[in-house]
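Okay, structure first, notes after.
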């Protein structure tokens with residue numbers, strides 16, 4: 001990392017710590033004893049989205065900042081509960097044909113789209129199976145250019161993939177059996193939209209969303225705030241028969257400074273904060289991941305495992321000129337890199353124990369395939385690392401060129417920690433911090449040899465992680481350009497397997513092959529971390545880290 005980057009990071013830390021001191025010691029923290037929603041009598045849940053929100057069109061729900069508000073505005077055919085099980089949503093039930101190629105969904109009745117000028121008299125009309133056909137077909141429409149177009153590729157029949165059998169019956173036809181298809185249908189990409197509204201606003205539909213969800217569009221001052229208001233005609237009720245949601249509104253702000261965000265939480269201007277900036281995590285959390293005493297009783301710390309693996313990727317395409325002269329083309333070198341990292345130490349000192357050291361497979365815990373329990377990964381073993389380097393022809397690292405590790409600013413400290421540990425066994429690494437957009441571009445174009453990345457599950461099935469290593473998949477998801485014929489055979493076999501236990505065994509076999517070949521260095525299995533005001537109830541993290549507010553209340 002060059003001196004300018006170091007200076008910028010140092011100045012940023014000084015600024016953040018100064019602001020944090022105000023948070024910690026200034027009386028400004030408690031100038032606002034009551035939130036605005038209390039004075040108005042309304043329950044308004046507020047959160048901050050530091051990266052901004054690019055669109056409210058579900059066809060482009062490619063990242064968390066977009067997925068969170070989309071989940072409030074829309075529904076999908078099915079959804080995933082807290083136990084990662086598929087449960088009904090717009091579809092009350094479904095059947096699967098014996099050949100597992102046709103899925104027939106029976107829709108709930110009396111579900112209405114939110115009011116919109118595109119409808120007759122401005123009143124939302126009832127949802128029908130034709131809306132399902134339109135919404136899912138739209139994802140594949142090349143003129144829409146949805147970032148989610150890949151989800152149906154080589155899976156759903158291109159001619160009769162989506163059919164409305166009648167107003168309340170929808171049928172999906174697959175090319176071949178694909179067990180995770182229900183999980184895919186739960187993704188925000190598959191949110192159901194009304195054709196009239198999409199066609200009325202065209203590209204400006206991004207600012208005029210209309211769905212069947214618990215909240216509807218209120219106002220949006222881009223760069224300032226976005227307000228969603230309660231959908232009083234929402235169809236779901238709680239176990240007592242009371243209408244959901246309980247909240248009156250959601251307000252989303254766009255502060256790009258995490259210290260400002262935390263100050264807003266302390267002033268009760270925000271209801272919760274998602275994750276903690278690395279620059280001041282030590283001020284809030286102990287090394288064991290608990291709240292420091294000065295914050296107890298003021299905020300609640302909620303953590304929950306979620307399906308995200310943080311890792312370092314290594315390009316292994318033998319036909320790429322980048323790999324031709326790189327020692328990382330040698331499996332023993334990649335394995336040495338894996339053994340050189342003390343993941344437990346990294347988690348304690350760099351992450352304050354927020355996450356679990358990735359010493360098993362690539363697939364995180366929480367899935368029924370139990371990869372983290374049964375796949376053998378890499379523990380910290382510098383001696384083994386040095387032995388592997390010698391085996392590869394680089395005793396004590398002699399002759400190894402400097403390997404460049406690409407990362408983004410918020411992970412610069414983690415990358416530097418990894419670099420130091422690799423250097424201790426003789427592997428010279430240079431950390432280069434670049435913009436996120438550039439990193440995504442370079443990894444997608446196979447222009448990054450060694451890079452920091454993460455994979456958050458799109459749906460709760462280990463297949464989603466194994467798809468990253470299937471050689472017939474492009475980048476994304478196969479950013480490392482990994483190719484192993486034995487792996488491909490198992491992957492294709494797993495897609496056809498009916499018996500869960502056998503499919504799970506195949507997932508573990510694939511995971512073990514990947515770990516042994518080491519195109520990746522898994523670092524940690526992530527935890528969702530929320531700092532929440534004590535007066536918020538019914539708000540819990542989940543394994544997909546999806547913002548769930550239907551049962552949330554403010555007291």
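The values are calculated or read from the model by the stated rules, or taken from the named source; none is laboratory data. Small disclaimer: the values here were computed from a predicted structure and weren't measured. Cβ sites come from the backbone with ideal geometry, for glycine too, and all protein chains shown count toward neighbours.
Assorted remarks:
- Test: residue in segment 74-86 that is in contact with a helix residue (DSSP H, G or I) (Cβ under 8 Å, 6 or more places away or on another chain), touching a residue at least 24 places away in the same chain (Cβ under 8 Å) and closer than 17 Å to residue 217 by Cα: yes
- Looking across segment 289-315, the residues that are in a loop (DSSP other than H, G, I, E, B) and either at pLDDT below 90 or under 26 Å from residue 356 (Cβ atoms) (or both) come down to 289, 290, 292, 297, 298.
- Residue 381 buried (at least 19 other Cβ atoms within 10 Å of the Cβ) and in contact (Cβ under 8 Å) with a residue 40 or more places away in the chain: no
- Just one of (1) more than 28 Å from the chain's Cα centre (by Cα); (2) within 30 Å of residue 500 (Cβ to Cβ) fails for residue 236. It is (1).
- Tally, over segment 488-531, of residues that are at pLDDT below 95 and within 22 Å of the chain's Cα centre (by Cα): 6
- Options 265, 285, 312: the member that is under 22 Å from residue 404 (Cβ atoms), surrounded by 20 or more Cβ atoms within 10 Å (Cβ to Cβ) and under 25 Å from the mean Cα position of the chain (by Cα): 312
- As for segment 201-210, it holds no residue that is surrounded by 20 or more Cβ atoms within 10 Å (Cβ to Cβ), within 29 Å of residue 104 (Cβ to Cβ), over 26 Å from the mean Cα position of the chain (by Cα) and assigned by TED's automatic domain parsing to the domain that holds residue 97.
- Boolean, residue 104 is within 26 Å of residue 463 (Cβ to Cβ) and either outside the structural domain of residue 60 (by TED's automatic domain parsing) or in contact (Cβ under 8 Å) with a residue 12 or more places away in the chain (or both): yes
- For the residues 419, 412, the requirement of being crowded, with 18+ Cβ neighbours inside 10 Å and free of Cβ contacts under 8 Å to residues at least 24 places away in the same chain singles out 419.
- Within segment 120-138, tally of residues that are within 26 Å of the chain's Cα centre (by Cα) and either more than 19 Å from residue 196 (Cβ to Cβ) or buried (at least 21 other Cβ atoms within 10 Å of the Cβ) (or both): 3
- Among the residues of segment 316-337, those identified as part of a loop (DSSP other than H, G, I, E, B) and within 20 Å of residue 474 (Cβ to Cβ) are 316, 317, 318, 319, 320.
- Residue ID - farthest from the chain's Cα centre (by Cα), chosen from residues in segment 85-106 that are surrounded by 15 or more Cβ atoms within 10 Å (Cβ to Cβ) and at pLDDT below 95: 100
- Every listed requirement among (1) in a loop (DSSP other than H, G, I, E, B); (2) touching a strand residue (DSSP E or B) at 6+ places or on another chain (Cβ under 9 Å); (3) in contact (Cβ under 8 Å) with a residue 12 or more places away in the chain is met by residue 232 save one, (3).
- Pairs, first closer than 14 Å to residue 276 by Cα in segment 293-308, second assigned to a strand (DSSP E or B), C-beta under 6 Å, six or more apart: 299/531; 300/532; 301/291; 302/530; 302/532; 303/527; 303/529
- Where residue 510 falls short, out of the listed (1) assigned by TED's automatic domain parsing to the domain that holds residue 311; (2) surrounded by fewer than 22 Cβ atoms within 10 Å (Cβ to Cβ): (2)
Every residue, every condition in (1) modelled with pLDDT of 95 or more; (2) within 26 Å of residue 54 (Cα to Cα), yes or no:
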site: 265; (1), (2): no, yes
site: 271; (1), (2): yes, yes
site: 277; (1), (2): no, yes
site: 287; (1), (2): no, no
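- Tallying residues that are in contact with a strand residue (DSSP E or B) (Cβ under 9 Å, 6 or more places away or on another chain), in a helix (DSSP H, G or I) and more than 24 Å from residue 276 (Cβ to Cβ) within segment 347-371 yields 0.
- For segment 391-405, a residue qualifies if it is part of a helix (DSSP H, G or I) and buried (at least 16 other Cβ atoms within 10 Å of the Cβ), and exactly one does: 397.
The rows are residues; the columns are (1) over 19 Å from residue 180 (Cβ atoms); (2) out of contact with any strand residue (DSSP E or B) (no Cβ under 7 Å at 6 or more places or on another chain).
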| site | (1), (2) |
| --- | --- |
| 430 | yes, no |
| 455 | no, no |
| 458 | no, yes |
| 463 | no, yes |
| 470 | no, yes |
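- Flag set for residue 372, criterion: out of contact with any helix residue (DSSP H, G or I) (no Cβ under 8 Å at 6 or more places or on another chain) and either touching a residue at least 24 places away in the same chain (Cβ under 8 Å) or surrounded by fewer than 20 Cβ atoms within 10 Å (Cβ to Cβ) (or both).
- Candidates 184, 250, filtered to the one that is within 22 Å of residue 546 (Cα to Cα) and in a strand (DSSP E or B): 250
- Residue in segment 464-480 that is under 30 Å from residue 82 (Cα atoms), over 23 Å from the mean Cα position of the chain (by Cα) and either modelled with pLDDT under 95 or not in a helix (DSSP H, G or I) (or both) present: no
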